[in-house]
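The values are calculated or read from the model by the stated rules, or taken from the named source; none is laboratory data. All figures in this text were calculated on a predicted structure; none of them were measured in a lab. Here the Cβ positions follow ideal geometry from the backbone for every residue, glycine too, while neighbour counts run over all protein chains shown.
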């Protein structure tokens, strides 16, 4: 079954188990609703593990964004166990156990039923969905990277590792589970996910995994546009976009996804392009907003990515952002917001005048003001005029209250 795993295949059936005293995961750091799901399934006699990125982040001392559960219970059995459970999907059903607006995704352990030849033959069609129920071991091996293939056992509080993820966490490596040449053909979006995890965690990409990305990067064009667009914007959160897009450009992925921007970066000095300075400033802004509980809108992110190019072509916001609209099919709302951001630079570089109310009443004005601060700080310009616009905006908002 695991013939595609290559030379690094671990000894089948013998996981590494790290007992509770030997790892840092504490139940107090696990979402209480995720614990309810785990305990309930365990009480009913099913195997139930915390799985995926949540385990990885807990081991790194980070706060996970999501807590997912893997279980031996079939979808209908999970639904029977929880009145607040809803099943989604057609070919392979997932259980969503809902607690208010929160969802604990609960999936039955899976295995791949395709052969290596079938995986390669159908690679251009996107990630395959021909999955059947499996075991914890088979489920671990079908995941993307070793650091995402770790399980936390609620029964004895141990960490279970079938794929070498614990060693790679210690080494700070993103490594494909199995032969990356096959795994990236199977789902090209995994190449972008490797970049995302490496930049977000400050890890390196293991050499064979990196070689595969450099060789297969053009296959990203065969992936579905909505998935690719989503993954592009997932490179921004956590304030790591500079590192992520540097890797995307270096590996050739940006050439495939945003060729016009990539060419500008090449002509603008490559790894010394001004693009990276704008993204570095954006990253500081992202971290500041996250600390206050706010998320930066994608329109501002897209504008910052293109800010260096826009600086050299004033008044061309629609044309510049049109390249992203064409290549990635970004939402029209994101496109128009980014155009507003870029075109606002000339307007907000001058003190407020008698026509000020029109722009101030635009719902995106606060974000446009923040974008202009990103630009000013990157270019080392004073923010005195922007402060005047901010004061005027605050004054207008106070009148409406």
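So residue 98 passes all but one of these: (1) more than 22 Å from residue 193 (Cβ to Cβ); (2) at pLDDT below 90; (3) outside any loop (DSSP other than H, G, I, E, B). Which condition number does it fail?
Failing condition for residue 98: (2).
When the range 106-116 is examined, which residues are found to be within 16 Å of residue 72 (Cβ to Cβ) and either at pLDDT 90 or above or not in a strand (DSSP E or B) (or both)?
Hits for the range 106-116 are 106, 107, 108, 109, 110.
Residue 260: in contact (Cβ under 8 Å) with a residue 60 or more places away in the chain, more than 27 Å from residue 63 (Cβ to Cβ) and surrounded by fewer than 18 Cβ atoms within 10 Å (Cβ to Cβ), yes or no?
yes
Test residue 362 against the stated conditions and say whether it is closer than 21 Å to residue 294 by Cα and surrounded by fewer than 11 Cβ atoms within 10 Å (Cβ to Cβ).
No: the conditions fail for residue 362.
Out of (1) surrounded by 15 or more Cβ atoms within 10 Å (Cβ to Cβ); (2) assigned to a helix (DSSP H, G or I); (3) on the phi < 0 side of the Ramachandran plot, the odd one out for residue 214 is which?
It fails just one condition, (1).
Within the range 259-274, is even one residue assigned to a helix (DSSP H, G or I), under 17 Å from residue 374 (Cα atoms) and not assigned by TED's automatic domain parsing to the domain that holds residue 341?
Of the range 259-274, the ones assigned to a helix (DSSP H, G or I) are 259-267, 270-272.
Still in the list and also under 17 Å from residue 374 (Cα atoms): none.
For the range 259-274, residues assigned to a helix (DSSP H, G or I), under 17 Å from residue 374 (Cα atoms) and not assigned by TED's automatic domain parsing to the domain that holds residue 341: absent.
Each row is one residue, and each column tells you yes or no for (1) outside the structural domain of residue 147 (by TED's automatic domain parsing); (2) within 22 Å of the chain's Cα centre (by Cα); (3) modelled with pLDDT of 95 or more; (4) not in a strand (DSSP E or B).
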| site | (1), (2), (3), (4) |
| --- | --- |
| 46 | no, no, yes, yes |
| 58 | no, yes, yes, yes |
| 69 | no, yes, yes, no |
| 73 | no, no, yes, yes |
